[in-house]
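Comments concern the structure below.
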Amino acid sequence: VMAIVVDTCPLVMIAKNYLPLDKDGCLFTFLEDAFYKRELLLLDAILEETKHTSQGIAVDKMPFLKDKKLAIPTKDILPPSPRKFSNMMDNNFCVRLVKNELTEQEYVQQKAEYSMTADYKILVYSMKEQNLNGIIKDEYYVMTEETRLQNDGKLFKKLPLLCEQIGVETITSSAYLHGKGFFIDK
């Protein structure tokens, strides 16, 4: 069983780069089925972020994303062991050089702000899924277009590095779609 939590950027990339070339609607139908079968997972935090990214192109091109049955609620989601997770944020998830430049109060504030982000929700959801099932599904991924390169000066590391910390693999939209037989022909 494959399960892939989808980040905002892959949805935007698919809407911009793949769907315009989907003349016969095969890709659209495939994506719709993948979301309804829960192979592709949409967190409500990602849906909200997607609505406000690139003028909402992903939601415009894939209106099925707006179906309330698809969005997994994350408002009340908590890490399996909150203290351990908080320690991971302090010691493993943050960029040391950036953290060292902050006062304790600034760090606490930025940590609290980060806990409201879609990336945070992806991490907590993924950890919860791992703990719930003891072993993660046969194939469990986070789909993201982010690179591992830390180049944005932000306090917390990029999603692929954070996923690695919690033992979850990442996949790009193009790698996923190629694996399913969809290619962009130049």
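The values are calculated or read from the model by the stated rules, or taken from the named source; none is laboratory data. Since this is a predicted model, take the numbers as computed values, not measurements. Here the Cβ is made from the backbone with ideal geometry for all residues, glycine too, and neighbour counts use every protein chain on show. Accessible surface areas use protein heavy atoms only, side chains included; no ligands, DNA or RNA. Shrake-Rupley method; radii C 1.70, N 1.55, O 1.52, S 1.80 Å.
What is the set of long-range amide H partners of Thr170 at a cut-off below 5 Å, with H atoms built 1.01 Å from backbone N?
Here Val142 satisfy the definition.
Report, to the nearest whole %, how much of the accessible area of the range 20-85 belongs to carbon and sulfur atoms, 1.4 Å probe, protein only.
55
Counting Lys +1, Arg +1, Asp -1, Glu -1, what net charge surrounds Asp90 among other residues with beta carbon under 12 Å of its beta carbon?
+4
Just the number please: accessible area per residue for the chain, 1.4 Å probe, all protein chains included, in Å².
Dividing the accessible area of the chain by its residue count gives 55 Å².
Compute the distance from the alpha-carbon center of the range 155-186 to that of the range 36-74, in whole Å.
Rounded to whole Å, the Cα centres lie 18 Å apart.
Might you report the magnitude of the Cβ-based charge dipole of the chain about its Cα centre, with Lys and Arg at +1 and Asp and Glu at -1, to the nearest 20 debye?
In total the dipole reaches around 180 debye.
Mean residue ellipticity at 222 nm from the helices of the chain, using -39,500 (n - 2.57) per DSSP H segment of n ≥ 4 over the full residue count, to the nearest 500 deg cm²/dmol?
So the calculated ellipticity at 222 nm is -12000 deg cm²/dmol.
Listed here are the pairs Lys37/Lys157; Lys128/Lys157; Lys66/Lys111; Lys68/Lys121; Lys16/Lys69; which of them are more than 23 Å apart at the Cα?
Too far apart for the 23 Å limit: Lys37/Lys157; Lys66/Lys111; Lys16/Lys69.
Helix 118-133: angle to the longest alpha-carbon principal axis of the chain, degrees 0 to 90, nearest 10?
90
For the range 107-113, in order, what is each residue's ³J(HN,Hα) by Karplus, 6.51 cos²θ - 1.76 cosθ + 1.60 with θ = phi - 60°, in whole Hz (x at glycine and Pro)?
4, 4, 5, 5, 5, 5, 5
Stretch Glu113-Asp24 to full length: gain in nm at 0.36 nm per residue minus the Cα-Cα span?
27.8 nm
Taking H placed 1.01 Å from N in the peptide plane, check which residues at least 5 places from Ile4 or on another chain put their amide H under 5 Å from its amide H.
Leu40, Leu41, Tyr141
Taking the structure as given and computing Cα extents along the principal axes in Å, which label from (1) 55, 34, 27; (2) 64, 39, 33; (3) 47, 36, 28 fits?
Comparing each candidate, only (1) matches the computed number.
With all protein chains present and a 1.4 Å probe, how do Thr147, Thr117 order by accessible area, largest first?
Thr147, Thr117
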